[in-house]
Structure formats: C-alpha cells, structure tokens
Amino acid sequence: GRSIMKGEFTNNPNLDEFTNTFLNFVSKRKQLPRIDNNVGKEDFIYYWKKARERISSSLSGRHFGHYKAAAKSNMLSEIHASFLHVAVNSGTHLERWSKGLTVMLEKEEVNIKVNKLRAILLMEAYFNFLNKLFFGSRPMKQCETENRLPQELYGSRKNLSAIQVAVNRRMIIDNIKLKRKGGAIAGVDAAQCYDRIVHSLAILLCQREGS
C-alpha cells in the first residue's frame, strides 16, 4: 500500500495481469490534496435538514427524525458535530456503527424471486451521514474541480441524470443512421456492481482522490 501511495509500485509476480495494471494506474495517478476532515455544525444542519424523515435506518432505533429534530437547534447540532469530529479525527467508532440490516426490496411488483430482488444495507443514520460527507460530497466536489471524472460518467453527479443517458443513446443511433455508418451499442453495466466492489482496492483509489 505504501509503495502505491508513493507512486513507486512495480509489478508483483504473485498478482495477475489485471490487478497489476490497476495498481500501476492508481500508483501513477496524481495525488489530490487531502479533503477537509473537520465536521462542523453547519455540515450537520445542512445534511439533516434535507434528509427525508421517512427513510428507514438504524437497528439501534435511532431514526432520521431524531437527527432532523436536533438539526433545528444550534446547540444540539454543535454537540452532534463535535462528537462526529472527534470520531473522524481519532479513529474511534461506536459499536452500533459496525452493525447493519440487509433488506431485500422488490425491483418488480409482486416478483419475489431472489435474483429479481434488490439488496440494500441500512446503516446507522449517524454513520451513513459521515460516509456521505467524506466519501460522497467532499471528494466528488474535488474530483469535479480537478476534472478527474470521465465525461461518460453520469452517476452521483449534479445536473446529470439517467434520462440524459437515454437521450444521448437515441441521438447516437439516429446520427449513425443519418450518416449511414456502421455502429453498435453495448450494454456493459456490471450486474450487482456496487456489491462487487473490492473495498481494499477502492480505498486505495479514494486516498488518491484525497479521501
């Protein structure tokens, strides 16, 4: 890991070709500045005021509504933010943060076949807030500023939507027809892609992006 972060990684004969290629890519990728690791009451208030209270969360019973109510008070928001700031900067965590509830949702109404269900993990609301702040909001803003995201990436980005993907796809097909050229459209979205992410590799790339 250290050689990768220093940009000094060399092919490891014990790894396959594709893993070596990926690690070489990460090692040579420009290191972005570390994102701000402070958690202030403004962060707490901004997130929880927008959060939907009906969202299910937390085996502990701490509901989104508890935090939305706290976000209406500067004093309570300061207390919550201070606790989270200490947790982030000291590496400590609550025991309940390490537990989650997996829920199977229907993709298609009344179809309960296992391969047609969507599995989601309900984490502690508090912990989920930190994940979104340090792996979602701040790194994504920095990556946008530094032009680190490919043009074809639409997921989790502002002012881009799945509808635009469909429109672009249709326009490309129409353009091919008008110019009477050969062409093909390939669907390369990996099945269950979020569930198949290798965390050890993902965290190396996140560190390159400043997380």
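The values are calculated or read from the model by the stated rules, or taken from the named source; none is laboratory data. Just so we're clear, the structure is a prediction, and the values are computed from it rather than from any experiment. FYI the Cβ positions are ideal-geometry reconstructions off the backbone, even for glycines, and counts take in every protein chain you see. For accessibility, only protein heavy atoms count, side chains too; no ligands or nucleic acids. Shrake-Rupley method; radii C 1.70, N 1.55, O 1.52, S 1.80 Å.
For this structure, a couple of remarks:
- Flag if Asn115 is modelled with pLDDT of 85 or more and open to solvent by 70 Å² or more (accessible area, probe 1.4 Å): no
- Pair list, Cβ under 7 Å, 6 or more apart: the stretch 109-136 residue farther than 26 Å from Arg34 by Cα, other residue open to solvent by 80 Å² or more (accessible area, probe 1.4 Å) and assigned to a strand (DSSP E or B): Ile112/Glu106; Leu117/Met104; Leu117/Glu106; Ala119/Thr102; Ala119/Met104; Leu121/Thr102
- Of all residues in the stretch 125-137, those being open to solvent by 40 Å² or more (accessible area, probe 1.4 Å) and either of a type in the set (Lys, Arg) or in contact with a helix residue (DSSP H, G or I) (Cβ under 8 Å, 6 or more places away or on another chain) (or both) number 3.
- Candidate set: the stretch 64-95, residues that are open to solvent by 60 Å² or more (accessible area, probe 1.4 Å) and under 11 Å from Tyr126 (Cβ atoms); chosen: the one modelled with the lowest pLDDT: His93
- Per-region count, the stretch 1-20, residues outside any loop (DSSP other than H, G, I, E, B), open to solvent by 70 Å² or more (accessible area, probe 1.4 Å) and more than 18 Å from Gln31 (Cβ to Cβ): 2
- Out of Leu32, Leu23, one residue alone is open to solvent by less than 60 Å² (accessible area, probe 1.4 Å) and within 30 Å of Glu78 (Cα to Cα). It is Leu32.
- Of all the residues in the stretch 138-162, those that are exposed (fewer than 10 other Cβ atoms within 10 Å of the Cβ) and closer than 14 Å to Leu205 by Cβ number 1.
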